[in-house]
Every structure is written in structure tokens, then in C-alpha cells.
């Protein structure tokens, strides 16, 4: 059954804040954010009220994929500082009552990790089987197009196999060619990973966000070969059915839990990033009795605006599709398991530009979208700058992009798409939209650095910045503070049952949350026009807990919602379900 107030884990009432260190705060003027920069901004995080900070990777790395290609799991990259700096950050966050999650990237390493350097040194090296090495396809000339062991495509364009002439075999890389996949079939690999995780827990971290963790198990034929995927363009195929939540993934995660967390005192948090996960698998991953992970990131809702050509072929969002998706996940994890709630992260464009209005209605649409997300059942995640209403970069030239996924797609797609089409697609969906520096103030480079930033600051930092937001009680920032506080103080937000309303309405998002005799109604106008929310008349005169317009709101039904308006109202209900007004009167 679902959690009760008595047995609910701490993270059901928590809000997590993601720091992408490269773009958070630079302390030394080299244009790249670092750990000592994080130290300068900890009081800001405490003011926001978050419970957990998740750090994207700060480990030693060649930075081919901005740190998600790790060459040493137990050291900090000099770009970000030192282990001593990280220890200081962890201690300072703990002193403020904030827990720390590290990013665990163990589907793959960097090709410069000592494990892989050994593995590729010879075909009989003891670590050869720590990675996926396979010969060329029978009858094909090694190193030529189509000779790869399978036809799998990489997430970052091109084949998922790289030819290594020195040892005469290919190695698998689902992402960049500098990110070879670890072979989790080898128990030595798994136990090396578990030892590293224990080392970090001993150092004081409070858990892990596990990068693409459901890709670690690959489907292998009895002869050791891997199957071909479905072909879309005659050569490269979709191999995801053979590595997404693969045959041993639950076994591996249960083993990880036993080897790393069992028997330890402490309130740890484990979050699995699980692209392509089904609801049925998520129920298994997050079932507390199975002891795999506490929650997962699923990608269904952030794929709803992808066209037939994928993320760089965007389509307008249909609100009914979003409600159907969220509603299905809310229902599916209602009795067992748990949701992660997010709009933004380092891989997604800014939500106010994506599904809101980042022009005239920036504040209203940003706060409305935040309200909808945070009032669902699950643990909300705030990505740095989201709480300021930061927008997409709106770049008009390819020169401004730094992201390997974007640049690789550009190189491939110019064969069949115009530059104008690609610029429009990247402006909407590139990961670099989330990676522009945090906008702290209106000074040059937004207070992020005294040097030249590694990626350009968004020009709108002159008006959209933390200094201005903190000074304005109406701001996006202060609305996020109120949302965090509401989760901490109103048990129905954390643990209440979820019921979707108005499922067929293409402009109004509405649902209720109920716990015992408290019921909340959440309304969001997902449009720039006035809308009517046709809800139960029993909500008339209910208590307004939170709104994103200034005036004192009296609830009348049907509820007339102004452009991008959000409302959260509360009433008490009898055991039979009869609504009472906010002051206890019959509604």
C-alpha cells in the first residue's frame, strides 16, 4: 500500500535542487563554474528552502560530454577544484540541513579511465572483459561502414561501435565514442562500482542520482553476440529493446542495494535515471520491498512534443497528452513506488520557453507550471535557474552551441535539413538552453564570472536575475519558496491521493489531492487567454492556499482563470466526502 504519515520516508516531503557546476558560479575567473563558487551561493539555496542538492558530475574527466565521461570516480576534476573543496561544500550544506546527492555515471566511463586504458591495451588484458569488445560482422571488412558488430545507433548520432585498430575489435558506446560502455555482466565491474559508492558514502554524501542506470544490462545471445536493432534508414538500427531495462537490470540494482546501502545507518536517497522505462518496470524499480531505488526519472512527458524525427523535430504540446501521461504515472505509482517530478534539468530546454510564454507572461506561466508540477504526488526537482524563470538562450547562430549532442546532430542532419530548420530546432530543444550560466545579477556576465564564460550568458540577464527576483515579492523565486514551504507544511501535498479532473480540457489542468479530511484543488490555466474551470460547486469559498496573481482571491464556481493563472485551494471534507468551506461551513 502507499506510504502513511507515520511510515513515509523523509524524501516524500523533500524538494531537490540540481546544480550543474560548470554553469552555477565561477570563483576564479576562468569562465567555468566550480566548487568554491558553489560555496558562495549556499545561503541562496538555504533561502530557497530545498532539502537536497544534487551535483552533476565534478569528477576528473576529459569533459567530452561535460563531465559525464569520467576518468577517475574518486577525484575531483581540477576544473572544479579539489576533493578538499568538495568536502567543504558537503560539510557546509550539511550545516544548513541540506543533503547531498552525487551523480553516479556507471553505464560507461571515459575512454581515458585507467580501466579502459588497460582494457584496450591488448585483447588478453585482464580488464578486456570490463567493456563490450566484439569482432567485426562476419564477412565484412573490419573498420568499414556496416561491419560493426550490431547496427545499433548511438544516442549522439552515428554507430554505437568504434573500431580499435590496435586490437582488431570494436567497443560499444551508446553515447560518445569517448564513453565506452562498462560490461555489467562481469561481476568484477559491478563490485568495483560498489566499492567506489561505499567510498563516497563514507565521505559523507547522502545518496546518488544514477545516470541512465536502466541501460546497464544488455541482452546477450548464448554465443556472446548482441542482436541487431530495428532499422530505420537502411543501416543504423534502434537497439534500445536490447538494452533498455535489460534482462538483469533488477538483479543488478538489488545487488547494488545489498552491497552498498544495507546495514548502513543514515537517510540515503537513490534516484535512477531511466530513459525509455515503462510504468510496469518503474513499479518494480521503486517498490520499497524490492530494495532497488527510491524513485526513478522517467522521460515519457518530456517526449510528448517530439515529432517523428525525434527531439530536434519538435511539435506543439497537446495538454490532454500531458494530463494523460502524468495521470497514468500518478495512478500507477499510487499504491507502491514513487514519482520523481521535473520539468527542467541539464538535458532539457527551459520549461517557461518550452510550454509557457517567456515573453509578456514569463512570470505568470513560470509560476503556473511550477505550481502544477510541485502539487503532484512525488518528489519535485528544481533545476538551477528554473526558480528564477530563466528562459531558453534563443541562439541565432551555430557558433553559440557547445553541446556534443547538438553539434553531432548538426553534422549529420545538414545532409537533409536546412540551416534555418536546424537553428529553429536547436533554439527550441538543445541541451545548451539549460546550460547557460545562472543569472545572478544585471552586471556583465550576470555575476557568474569575472572572465569569459565557457558558454554565453543569456542577454535577458539584465532583467531576469536572482538579485531582481529576490527583491520582488511577486517573483518566480518567491513563488518557488512558497511551493517548497507548502510541501513541508501541508501533509496532503506530500502524501495525498491524486485525482485528475477535466481530463479532456485542452487549456485547464485540474486535479485534487486528498489526505484524510483535507482536500486540495489545484488549477492551472495553460494558455494566454481567460478560461473557465468547470469544477464542483462545493469548492465555492474554499480557502486559497496559493496563487500567482496579487489580488485576494475569492473562489467562485465555475472558476474564472486569468491568463496562466494558478490556484491551490483547500477544504475539509467529511468521511462521506461532503465538502466544507475553508472556514468549516458547509460549502
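If you line up the long axis of helix 187-203 against the longest principal axis of the chain, both from Cα atoms, how many degrees apart are they, to the nearest 10?
50 degrees
In nm, give the distance between the simple-model label positions of residue 129 and residue 278, each being 7 Å from the Cα along the Cα-to-Cβ direction.
For the pair residue 129/residue 278, the computed spacing is 3.1 nm.
In square nanometres and to one decimal, what's the mean projected area of the convex hull around the Cα atoms of the range 213-330?
If I average the Cα hull's projected area over directions, I get 9.9 nm².
Can you bin the range 109-181 into rounded, prolate or oblate? Criterion: square roots of the alpha carbon gyration tensor eigenvalues sorted a ≥ b ≥ c, rounded for a/c under 1.5, prolate for a/b above b/c, oblate for the rest.
oblate
Between 0 and 90 degrees, rounded to the nearest ten: what's the tilt of helix 476-489 against the longest Cα principal axis of the chain?
Roughly 80 degrees between the two axes.
Given 0.36 nm per residue, what is the gain on full extension from residue 4 to residue 84 after removing their alpha carbon distance, in nm?
Extending this stretch completely gives an extra 24.8 nm.
With r as the distance between the Cβ atoms of residue 499 and residue 467 and R0 = 41 Å, compute the FRET efficiency 1/(1 + (r/R0)^6) and round to 0.05.
Approximately 0.50, to the nearest 0.05.
What order do you get for 328-339, 77-88 when each peptide is scored by the mean count of other beta carbon atoms within 10 Å, highest first?
Highest mean packing first, the order is 328-339, 77-88.
What residues from the range 389-407 fall in the zone where the backbone N is under 20 Å from a label point 7 Å along the Cα-to-C-beta line of residue 442?
Under 20 Å, as judged by backbone N against the label point of residue 442, lie 389-391 of the range 389-407.
Separation of the range 406-430 and the range 278-307 by C-alpha centroid, Å?
Using only Cα atoms to place each centre, the spacing works out to 30 Å.
Could you state the number of Å between the C-alpha centres of the range 111-161 and the range 31-60?
The range 31-60 and the range 111-161 have Cα centres spaced 37 Å from each other.
Compute the Rg/Rh shape ratio of the range 177-217: radius of gyration over Kirkwood radius, all on alpha-carbon atoms.
1.01
Report, as a whole number in µm² per second, the diffusion coefficient that Stokes-Einstein gives for the range 498-572 at 10 °C and 1.306 mPa s using the Kirkwood radius over alpha carbon pairs.
129 µm²/s
Computed from these coordinates, which is Rg/Rh (Cα atoms, Kirkwood Rh): (1) 0.97; (2) 0.99; (3) 1.04?
Correct label is (1).
Run through the DSSP bridge list for the chain and note the antiparallel percent, rounded to the nearest 5.
Approximately 65 percent, going by the DSSP bridge assignments.
Could you tell me the distance between the Cα centroids of the range 249-274 and the range 454-531, to the nearest Å?
First find each Cα centre; the distance between them is then 32 Å.
Within 10 Å, count the other beta carbons around each residue, average over each peptide in 391-400, 525-534, and list them highest first.
525-534, 391-400
Estimate the FRET efficiency between residue 264 and residue 121 by the formula 1/(1 + (r/R0)^6), using the beta-carbon distance for r and 41 Å for R0, to the nearest 0.05.
0.65
Can you give the percent of C-alpha pairs in the range 443-587 whose distance is more than 28 Å?
32 percent
Any chance you could give the angle, 0 to 90 degrees and rounded to 10, that helix 404-413 forms with the longest Cα principal axis of the chain?
Orientation of helix 404-413: about 70 degrees from the principal axis.
Under 8 Å for C-alpha pairs, at least 6 residues apart: give me the relative contact order for the chain, rounded to a whole percent.
13 percent
Show me 422-433, 133-144 ranked by packing, highest mean number of other Cβ atoms within 10 Å first.
In decreasing order of mean packing, 422-433, 133-144 become 422-433, 133-144.
No lab work stands behind these numbers, since they all come straight from the coordinates. Just so it is clear, the model here is predicted, and its values are computed rather than measured. Glycine also receives a Cβ, built like all others from the backbone with ideal geometry; neighbour counts cover every protein chain displayed.
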